[in-house]
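Student: The structure under discussion is supplied below as structure tokens; questions concerning it will follow.
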Amino acid sequence: MTKRNNILLYVFLIIFGLVLIYPFLFMISATFKTNEEIFTGIGLIPDQFSLEAFRNGWKGIGDTTYGMFLMNSIKLVVPTVLFTIVSSVIVAYGFARFEFPFKKILFGIMVATLMLPQAVVIVPRYLLFHKLGWLDTYLPFYVPALLATFPFFTFMLIQFIRGLPKELDESAILDGCNSFMILTKIHLPLLKPALISVGIFQFMWTWNDFFNSLIYINSVDKYPVSLGLRMFLDAEGAVSWNEIMAMSVVTIFPCVLVFFICQKYFVSGISTSGLKG
């Protein structure tokens, strides 16, 4: 490839990248504009920088501030992520290292549920949680996470554990370790990239989840950010888009921060668990 072709290729990639990232840049730019200025052009530089959208947006809706929505999201997401990691690694360890009756059948059922659309189970799941009295609480998120009902994560960890040499287990047994000690002292340190990948995936999916939160949570004072952000569109006839953009930036900031902090482990966990493309 000639130097001229290289330059053309780089120019094309830069323009293509700018087109892709433009909506995100416009969202950030709109947070510093007035509501009227947002719709007057596609430029990214506001006439006057103002933080009024952040101040007004943070006040929230009615008596509920946006800080409360953020706190609710943390209460919802953090336990769900921790429960998912713990339960998934225990189930994956069992499938990867132990022989038990009906193992292949159970593994097949787990893989089948991996392909099951969530919309299919939403009605029976809602009826079950209603009978248990868990609606308008965070239990519909906590308990399934505790019971390893996310087959994608379990399957990913199974693949990772299967890649670990069994000689490590045999050496640990000779040193007097039981199954629990092998998991905690041998496997968990090696599983660190995969566990962080599970945590990042679950954090982002639960943080951005709108549908399940809408179904299971009714009280405004328990709304996570996904529902709180939606309330900005319902509160009044005149929508303050600059406030919505400002709170959208606040909402995605934790996800972006977590991803970049754990990026190294995230890539390593995906590439070593057999799920890379």
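Student: Contact order normalised by length for the chain, with contacts defined as Cα pairs under 8 Å and 6 or more residues apart; what percent is it? Each step should come with its number before you reach the end.
Tutor: Working: 263 pairs, mean separation 82.5, N = 277.
Once divided by the residue count of the chain, the mean separation gives 30 percent.
Student: For segment 29-115, run through the GluC sites (Glu not before Pro) and keep only the ones in DSSP coil with at most 10 other Cβ atoms within 10 Å of their Cβ. Write down the numbers at each step before the final one.
Tutor: Numbers: sites: 36, 37, 52, 99; in loops: 99.
Answer by residue number: 99.
Student: Sort segment 1-78 into rounded, prolate or oblate with this rule: let a ≥ b ≥ c be the square roots of the eigenvalues of the Cα gyration tensor; rounded if a/c is under 1.5, and if a/c is not under 1.5, prolate when a/b is larger than b/c, oblate otherwise.
Tutor: Numbers: a/c = 4.98, a/b = 1.89, b/c = 2.64.
Oblate, because a/c is 1.5 or more while a/b does not exceed b/c.
Student: Additional query: Calculate the translational D of segment 46-115 in whole µm² s⁻¹ from Stokes-Einstein, where the hydrodynamic radius comes from the Kirkwood formula applied to all Cα pairs, the temperature is 20 °C and the viscosity 1.002 mPa s. Don't skip to the answer; put the middle values down first.
Tutor: Details: Rh = 16.6 Å.
Reported coefficient: 129 µm²/s.
Student: Work out the FRET efficiency for residue 25 and residue 78 from their Cβ-Cβ distance, taking R0 = 41 Å, and round it to the nearest 0.05. Please report the intermediate quantities before stating the final value.
Tutor: Working: r = 30 Å, r/R0 = 0.74.
The calculated FRET efficiency here is 0.85.
Student: On the accessible surface of segment 1-146, probed at 1.4 Å, how many percent belong to carbon and sulfur atoms? Before the final figure, lay out each step's value.
Tutor: Numbers: 7190 of 9620 Å².
C and S atoms contribute 75 percent here.
Student: Taking +1 at the Cβ of each Lys and Arg and -1 at the Cβ of each Asp and Glu, which of 213, 17, 232 sits farthest along the dipole of the chain towards its positive end, judged by Cα position relative to the Cα centre?
Tutor: 17
Student: From the square roots a ≥ b ≥ c of the eigenvalues of the alpha-carbon gyration tensor of segment 1-160, which class results: rounded (a/c under 1.5), prolate (a/b over b/c), or oblate? Spell out each step's value before the answer.
Tutor: Working: a/c = 3.16, a/b = 1.44, b/c = 2.20.
It is oblate, given that a/c is not under 1.5 and a/b is not larger than b/c.
Student: Under a Cβ-Cβ cut-off of 13 Å, what is the net charge of the residues other than residue 32 that fall near it, where Lys and Arg count +1 and Asp and Glu count -1? Provide the component values of the computation, followed by the final result.
Tutor: Values: positive: 33, 55; negative: 37, 47, 52, 243.
Its environment carries a net charge of -2.
Student: Can you tell me how much longer the chain between residue 18 and residue 2 gets when fully stretched, taken as 0.36 nm per residue apart minus their C-alpha distance, in nm with one decimal?
Tutor: Numbers: separation 16, 0.36 × 16 = 5.76 nm, distance 2.45 nm.
Full extension from residue 18 to residue 2 adds 3.3 nm.
Student: Can you give me the C-alpha center-to-center distance between segment 1-26 and segment 139-170, rounded to a whole angstrom?
Tutor: 40 Å
Student: Determine the distance separating the Cα centre of segment 205-248 from the Cα centre of segment 101-117; give it in Å without decimals.
Tutor: 35 Å
Student: Under unit Cβ charges (Lys, Arg +1; Asp, Glu -1), what dipole magnitude, rounded to 20 debye, does segment 40-170 have relative to its Cα centre?
Tutor: Values: 10 positive and 8 negative charges, 74 e Å.
My answer is approximately 360 debye.
Student: For segment 122-265, rounded, prolate or oblate, judged on the Cα gyration tensor with a ≥ b ≥ c (square roots of eigenvalues), a/c < 1.5 rounded, else prolate if a/b > b/c? Let's see the in-between values first.
Tutor: On the way: a/c = 3.89, a/b = 1.89, b/c = 2.06.
The shape class here is oblate.
Student: On to the next question. Given a 1.4 angstrom probe, what's the average accessible area per residue across the chain, in square angstrom? Walk me through the intermediate numbers first.
Tutor: Working: 16350 Å² over 277 residues.
For the chain, the per-residue accessible area is 59 Å².
Student: Now a separate question. Taking the Cβ of residue 52 as the center, what net charge do the other residues with Cβ under 15 Å away carry, scoring Lys and Arg +1 and Asp and Glu -1?
Tutor: Numbers: positive: 33, 55, 59; negative: 36, 37, 47, 243.
Taking every Cβ under 15 Å from that of residue 52, the sum is -1.
The values are calculated or read from the model by the stated rules, or taken from the named source; none is laboratory data. None of these values were measured; they are calculated from a predicted model. FYI the Cβ positions are ideal-geometry reconstructions off the backbone, even for glycines, and counts take in every protein chain you see. Areas reflect the complete protein model, heavy atoms only, side chains present, ligands, DNA and RNA absent. Shrake-Rupley method; radii C 1.70, N 1.55, O 1.52, S 1.80 Å.
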